[in-house]
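See structure below.
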Amino acid sequence: MSTPRKKGAKPSRSRPGAAARPARTGRSGPRRPARRKPVTEAEATLAAIRAGQVDALVIQNAESERIYALKTFDELEQTQAALENAGVERRRTRAQLQALAEERERLFQDMHDGCIQSIYAVGLNLEACMGIMQANPKKAAEIVADATASLSLVIQELRSFITGHRLQIAKGEDLRSQIEKTVQAAGNQGMSFTVDIDESAMRALTSEQALHMLQIAREAISNATRHANARSGRVSLQTRRGVVCLEVSDDGRGFMVKKVNARGLGLHHIDARARKMGATAQVTSAPNQGTRIVVKLGRTR
Amino acid sequence: MSAQTKKLPGKQRSSAPATVVLSLYIAGDTPKSRSALNNLNKICVEHLNGRYRIKVIDLLKNPKLARDHQILALPTLVRQLPQPIRKIIGDLSNTERVLVGLGIESTK
């Protein structure tokens with residue numbers, strides 16, 4: 001009789017939210033509205049702001065709550081936009097600084113590969129001149145005249161640095177004639193170079209690329225005369241399957257390529273110039289085996 | 001019969017519909033807050049059949065009350081009961097969204 005009932009239980013009061021929570025189970029009935037992807041409060045707030053349904057925002061901190069009308073919020077956004085603009089400006093300045101640094105690097109290269117090489121060549125020629133002055137004064141006079149002309153070219157180059165004009169292959173001359181001039185200067189040192197330049201390879205180069213190629217060739221030829229004690233060498237510029245290939249080789253005493261210290265500033269500049277025009281430079285050498293420098297430039301104009 | 005009195009599993013249990021307790025937070029008397037209150041009244045009359053209480057809280061008068069429900073934007077409607085608490089931000093012009101947000105099944 002008085003046995004307490006354990007079953008049957010109370011009416012459901014335990015879960016007040018249960019009845020009002022419609023579609024939380026995995027099995028939503030066919031009549032229920034389509035389930036929405038749950039959104040965070042922040043997302044819902046943003047959506048409402050975008051829909052123009054919000055009057056004000058509440059900013060809470062430990063001590064107080066402040067109500068900011070959206071007009072104020074607009075002002076905040078404007079401030080943010082101004083800050084972003086300042087960021088853009090700063091990035092632009094940084095890019096300009098970077099461009100300046102590159103320009104300076106280029107000037108150094110041009111100085112080294114252009115002016116210094118030219119002056120060096122003049123010096124070598126004059127040195128050669130000393131040896132033949134008595135035996136062949138006529139030839140000596142020619143060499144001196146050449147040297148004077150070369151020096152005036154160097155002065156022109158230096159002026160171009162001062163005025164900020166980029167170094168370029170002189171008007172009315174092309175890569176071939178410039179390389180031949182360089183080779184001729186080397187010839188005065190008793191070194192014979194053969195030059196093999198393909199017309200189509202020259203045409204494939206932009207003027208900037210041609211200038212880089214010329215400076216690389218100059219550097220390589222100058223190395224062959226100054227350091228390698230070479231007797232003969234070869235300069236070639238060819239295209240093979242759209243790849244322009246500059247090759248300068250000599251039969252000089254060579255060096256250990258792996259000894260990084262042996263790679264003087266000149267080889268460093270060859271690398272840098274090649275990279276700059278998107279080409280690769282490869283130096284092959286070994287003691288008493290001569291030196292070969294190959295620069296390959298793919299996909300030209 | 002016996003099937004009807006049988007305890008329904010989990011959340012689908014049918015019980016006497018609980019009163020829905022709502023707080024509408026607003027920032028003064030603005031077109032948006034007025035529209036929110038009108039929309040809310042309309043929805044409650046249509047769908048809640050008298051089982052609701054609405055409290056309007058103007059935070060311009062007492063900003064500290066925002067703390068109770070961590071209100072971020074105004075107007076915001078908070079369903080306090082039945083649990084869990086739910087919030088709907090904006091002028092409540094999208095009836096379907098309000099119904100879903102409040103967990104009310106629309107009566108056809």
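Taking a ≥ b ≥ c as the square roots of the eigenvalues of the alpha-carbon gyration tensor, the stretch A:90-246 is classed oblate because a/c is 1.5 or more while a/b is no larger than b/c. For the stretch A:175-301, the Cα gyration tensor yields ellipsoid semi-axes of 22, 17, 12 Å (square root of five times each eigenvalue, largest first, whole Å).
Computed on the stretch B:19-102, the Cα convex hull volume stands at 78 Å³ per residue. Given their separation in residues at 0.36 nm each and the Cα-Cα distance between them, A:GLU103 and A:VAL144 gain 11.3 nm when the chain is fully extended.
Legend: calculated FRET efficiency, A:GLN80 to B:GLN70, from the Cβ-Cβ distance at R0 = 22 Å, rounded to 0.05, equals 0.35.
Residue by residue, the stretch B:19-30 carries 3J(HN,Hα) couplings of 6, 9, 9, 10, 10, 10, 8, 9, 10, x, 8, 10 Hz when phi is fed to the Karplus relation 6.51 cos²θ - 1.76 cosθ + 1.60 (θ = phi - 60°); x denotes Gly or Pro.
Which shape class, rounded, prolate or oblate, goes with the stretch A:79-167 when its Cα gyration tensor gives a ≥ b ≥ c as root eigenvalues, a/c under 1.5 marks rounded, and past that a/b bigger than b/c marks prolate?
The shape class here is prolate.
Assuming charge only on the beta carbon of Lys and Arg (+1) and of Asp and Glu (-1), the dipole of the stretch B:19-102 about its Cα centre is about 200 debye to the nearest 20.
Taking trypsin sites (Lys or Arg not before Pro) across the stretch A:218-257, the ones in a DSSP loop with at most 10 further Cβ atoms lying within 10 angstrom of their Cβ are A:ARG241. Each residue, A:MET133 and A:ASP174, gets one label point 7 Å from its Cα in the Cβ direction; the gap between the two is 4.0 nm.
Readers should treat all values here as calculations from the given coordinates under stated rules, not as data from a laboratory. Since this is a predicted model, take the numbers as computed values, not measurements. Heads up, the Cβs are rebuilt from the backbone with ideal geometry, glycines too, and the neighbour counts pull from every protein chain shown.
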